Amino acid sequence: MLTVHVSYELTEYLQVLIDFLPLAKSRRAIAAGKRSTALAPLHWHERLLVRALGSVAFIVKSRLIGACTFTIGAQGITRASKRGLLEVPWSEVAQVHKLSSSYLVEKSNGAMPIPFRVFSGEQRQALESLAGPKLVAHHAET
């Protein structure tokens, strides 16, 4: 059982968006019937939009959710925040994305970022083991 406390920072929140949006764009293209297997990087105007809208989203989410404590174990992931307790069993986790500086736990109705900085090396190995085949790496190890 792992327990980590996260007080989010704007720069890492924006980095999660910048890392994940190319995958989201690729998924939309495939769903629209376009063949797109390569993840195209964001264009300069998309990055600018991410920074503007992402900053507003960060402020709203910081006020609504605040700092979080995650407990991760064999049954799933639990997040304690201002909004209360959210329990997500592994069966409801679609994927755990290993991005450039954070994990992004994707559910059917949203996602929870957890920055690498809150884990020790052993805790990261344990999380990746618990995530098993749901772990998808998108970037080289940092």
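The values are calculated or read from the model by the stated rules, or taken from the named source; none is laboratory data. Worth saying up front: this structure is predicted, and the values here are computed from it rather than measured. Virtual Cβ from ideal backbone geometry, glycine too; neighbours counted across all protein chains shown. What goes into the accessible areas is simple: the full protein's heavy atoms, side chains included, and nothing from ligands, DNA or RNA. Shrake-Rupley method; radii C 1.70, N 1.55, O 1.52, S 1.80 Å.
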Which of the residues that make up the range 64-73 are under 17 Å from the mean Cα position of the chain (by Cα) and open to solvent by 30 Å² or more (accessible area, probe 1.4 Å)? ILE65, ALA67, THR69, THR71
Given the structure, is GLY84 without any contact (Cβ under 8 Å) to a residue 24 or more places away in the chain, more than 18 Å from LEU14 (Cα to Cα) and either out of contact with any strand residue (DSSP E or B) (no Cβ under 9 Å at 6 or more places or on another chain) or basic (Lys, Arg) (or both)? yes
Somewhere in the range 81-89, is a residue over 21 Å from SER7 (Cα atoms) and touching a Gly at 6+ places or on another chain (Cβ under 8 Å)? yes
Could you tell me whether SER55 is touching a strand residue (DSSP E or B) at 6+ places or on another chain (Cβ under 6 Å) and either buried (at least 18 other Cβ atoms within 10 Å of the Cβ) or over 22 Å from LYS134 (Cα atoms) (or both)? no
Does SER7 satisfy being in contact (Cβ under 8 Å) with a residue 40 or more places away in the chain, of a type outside the set (Phe, Trp, Tyr), in contact with a helix residue (DSSP H, G or I) (Cβ under 8 Å, 6 or more places away or on another chain) and surrounded by fewer than 18 Cβ atoms within 10 Å (Cβ to Cβ)? no
Please verify whether VAL50 is free of Cβ contacts under 8 Å to residues at least 40 places away in the same chain and open to solvent by 20 Å² or more (accessible area, probe 1.4 Å), treating the condition exactly as stated. no
Qualifying residue in the range 11-20 (condition: modelled with pLDDT of 95 or more, open to solvent by 90 Å² or more (accessible area, probe 1.4 Å) and of a type outside the set (Phe, Trp, Tyr)): yes
Within the range 12-65, the count of residues that are under 20 Å from ASN109 (Cβ atoms) and part of a loop (DSSP other than H, G, I, E, B) comes to 1
So if I check each of LYS61, LYS25, which one is at pLDDT below 95, open to solvent by 90 Å² or more (accessible area, probe 1.4 Å) and basic (Lys, Arg)? LYS61
By residue number, the members of the range 83-102 that are in contact with a Leu (Cβ under 7 Å, 6 or more places away or on another chain) and not hydrophobic (A, V, I, L, M, F, W, C) are ARG83, HIS97, LYS98
Listed by range, strands (runs of 3 or more DSSP E) wholly within the range 74-133 having at least 3 residues that are loosely packed, with under 12 Cβ neighbours inside 10 Å are 84-89
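Each row is one residue, and each column tells you yes or no for (1) of a type in the set (Ser, Thr, Tyr); (2) farther than 18 Å from GLN125 by Cβ.
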position: SER62; (1), (2): yes, yes
position: ILE65; (1), (2): no, yes
position: CYS68; (1), (2): no, yes
position: THR71; (1), (2): yes, no
position: GLU87; (1), (2): no, yes
position: GLU92; (1), (2): no, yes
position: VAL105; (1), (2): no, no
position: PRO113; (1), (2): no, yes
